[in-house]
Structures are given as structure tokens and as C-alpha cells.
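Working notes, beginning with the structure itself.
The values are calculated or read from the model by the stated rules, or taken from the named source; none is laboratory data. All figures in this text were calculated on a predicted structure; none of them were measured in a lab. Virtual Cβ from ideal backbone geometry, glycine too; neighbours counted across all protein chains shown.
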Amino acid sequence: MSQPAVTLAISDAVATVTLNRPDKLNSFTETMHAEMLSIVHQVAADKSVRAVLLTGAGRGFCAGQDLSDPVMRTGPGAADMGDTIDRLYNRLIRAIKMIEAPVVCAVNGVAAGAGANLALACDIVLAARSASFIQAFCKIGLVPDSGGTWFLPRLVGGPRAMALSLLGEKISAEQAQAWGMIWKCLDDDKLMTEAHALAKHLASQPTKILGMIKKALNESWANDLDRQLDLERDLQREASQSADYAEGVAAFMAKRAPHFSGN
Ligand code: T3D
């Protein structure tokens, strides 16, 4: 029986999603997209899941689109990539952005093309010191997709986003951390232990509120200060009615550790 292209394991309220085509550096086929989207929807709807960890099997994180997949037909009768982008990559990135729980990405190796941008769509990105990021699109005559032209300038600034996209040069995890593209670069042998610990920690926090914090920061890109202040007010009003706010204050006053329920 063939292996699933994406696996899901849930424990301690953490859903670990692993891209699982290691021989092809976890590059995406249409089948893999279907499996991934179904898992992302399942995880997003599962109230017992309070944090998500995304990683790749083997030596790569994800090499983007599988260039041997039929959707990559070139020349006469070439595939309509606008259609595949709509059906596959855009749906995936939107679905990840819709997950209320925090999404940690552990970039275990090379992240190229849509694979790099998939990582950037996550909330907290850790990477192994040996990992790298490549906006590989221009090397094969394509435009960055999966949100790359949106994430990159916001994360690393215009000049770096432009050069990374026009040159398709590989950058190291250390460089990505120094540029603020990711949260942390870790020694290879520490990556998965620390990524699991981080996801488990997040899952024990007031996760409903973490979802609101994500919403506030994500919406800030499109808001002026006035709208953002209003949004903060509305979210704080909601947060102040939550069980976890009551628990947080009670625990502080009693000088004990809080036990958040995510409600
Ligand atoms: O609408 C649409 O569908 C379009 C959407 C496009 C989104 C995109 O992501 S476009 C960008 C696609 N990705 C790339 O262009 C990256 C291609 N890969 C590479 O440049 C290199 O593989 C890497 C720099 C990522 C890693 O290099 P290296 O030397 O560490 O590994 P390798 O030897 O090149 O790859 C190992 C194996 O994985 C190899 O298979 P083999 O020869 O051992 O059987 C290689 O062919 C395979 N592989 C790697 N990337 C892909 C791939 N096979 C298919 N598609 C890939 N993208």
C-alpha cells in the first residue's frame, strides 16, 4: 500500500502535520494537495487541537511544486496554472491562515518555491541550521506564488524581497533569522525537540485569545491606525469575557500557575 503524502498525529492537543514525500523533497503533487487540504480542514475544525506543528519528512522541508506532475505541462496545451493556483496553492494558504490555533513550522531542510512560502504562511517559523530558503520560481520562468510576494516584503522589506525573488538565490536559515524572515534557527539535532516543546507550550496557553492576537496582527496590514485601535477594542472586549482571562487574573493574584482551557 502506498504511503500517505501527508501524515497527521495528534497528541497533547498538538496536531503534527508532516509532508511525506521525502524522496522528492516533499514537493507537491495534486494528490498531496488533496491530502494536505483535507488534513488542514480537519485540524482547523477539531476543537481539541490547540496548536499545529508543520514539518517535512527526510532531508527537505518542501521543494514546492513537483515539476514532474501533469499540472506542470509546458508548451502547446500547457496547463492553466491560474487554475491550479486557485484550486490548490491559494486554497491551502488561505486554509492555513484560517486556522485559529497557533501554527508552528519546523523547517527541517530546504524550503524552495511554494515550499518556502508555505513556511512563511505559518505563525512561528523555526528552522534547522542546515535548512535553506529559495524563491526558486524565477529559475524556471515562474512568478512567486503561495503568498510569497505578500509575505516577503512584509517580513524582510522591499529591497531584500525583490532581490530574493529576482535572483532565486538560496539563503541560509541563519540569514533568514538575521533578516527577520523566521523566528529562530536551531541546531539540527535540537529542531524537532524544541518545535514540539514550543507547540506543546502554545497548546497550554489561552488559545482562543492567541487566535484573537493572530487576527489582530494579520488584519493590521490592511488597517490604518484608527481601524486597528477599534479592532483591538473589540477583541479586548471579547477577551475580557473569556474563562481564560478570569483564570489568568485569578492565578496571578493567587501566585499560582494558570490552567488555561482555551475558552
Ligand atoms: O500552478 C502550479 O502548479 C505552479 C506552482 C508552482 C509553485 C512552485 O513551487 S514552482 C517552484 C518549484 N520548485 C523548484 O523549482 C525547486 C526544484 N528543486 C530544486 O531546485 C532542488 O531540488 C533543491 C534546491 C530544492 C534541492 O537540491 P538538492 O541538490 O538538495 O536535491 P536534488 O538532488 O535536486 O533533489 C532530490 C530529489 O528530489 C531529486 O530526485 P531524484 O533525482 O533523486 O529522483 C529531485 O529530482 C527531486 N526534486 C526536488 N525538487 C523537486 C523534485 N522533484 C520534482 N519536483 C521538484 N520540485
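Restricting attention to segment 133-192 and to residues that are among the polar types (S, T, N, Q) and part of a loop (DSSP other than H, G, I, E, B), the residue that is nearest to the ligand (Cβ to nearest atom) turns out to be S146. Residue check: is T84 in a helix (DSSP H, G or I), more than 16 Å from the chain's Cα centre (by Cα), hydroxyl-bearing (S, T, Y) and more than 10 Å from the ligand (Cβ to nearest atom)? Here the answer is no, as T84 does not meet what is asked.
Counting just the residues of segment 6-24 that are surrounded by 22 or more Cβ atoms within 10 Å (Cβ to Cβ) and within 17 Å of D66 (Cβ to Cβ), which one comes out farthest from the chain's Cα centre (by Cα)? Checked segment 6-24; the qualifying residue farthest from the chain's Cα centre (by Cα) is R21.
For the residues K255, K190, the requirement of being more than 27 Å from R94 (Cα to Cα), surrounded by fewer than 16 Cβ atoms within 10 Å (Cβ to Cβ), among the basic types (K, R) and over 21 Å from the mean Cα position of the chain (by Cα) singles out K255.
Tell me, yes or no, whether segment 27-43 has at least one residue that is at pLDDT 95 or above and near the ligand (Cβ under 8 Å from one of its atoms). Yes, the conditions are met somewhere in segment 27-43. Here A34 passes the criteria (1) surrounded by 17 or more Cβ atoms within 10 Å (Cβ to Cβ); (2) outside any loop (DSSP other than H, G, I, E, B) except the one numbered (1). As a summary of the residue check, R91 satisfies the conditions (1) touching a His at 6+ places or on another chain (Cβ under 9 Å); (2) surrounded by fewer than 24 Cβ atoms within 10 Å (Cβ to Cβ); (3) outside any helix (DSSP H, G or I) except for the one numbered (3). Scanning segment 69-84 finds no residues that are among the hydrophobic types (A, V, I, L, M, F, W, C), in the same structural domain as A199 (by TED's automatic domain parsing) and at pLDDT 95 or above.
The C-beta contact set for segment 131-150 (first residue without any contact (Cβ under 8 Å) to a residue 12 or more places away in the chain, second residue near the ligand (Cβ under 10 Å from one of its atoms), distance under 7 angstrom, 6+ apart or interchain) comprises V143/F137.
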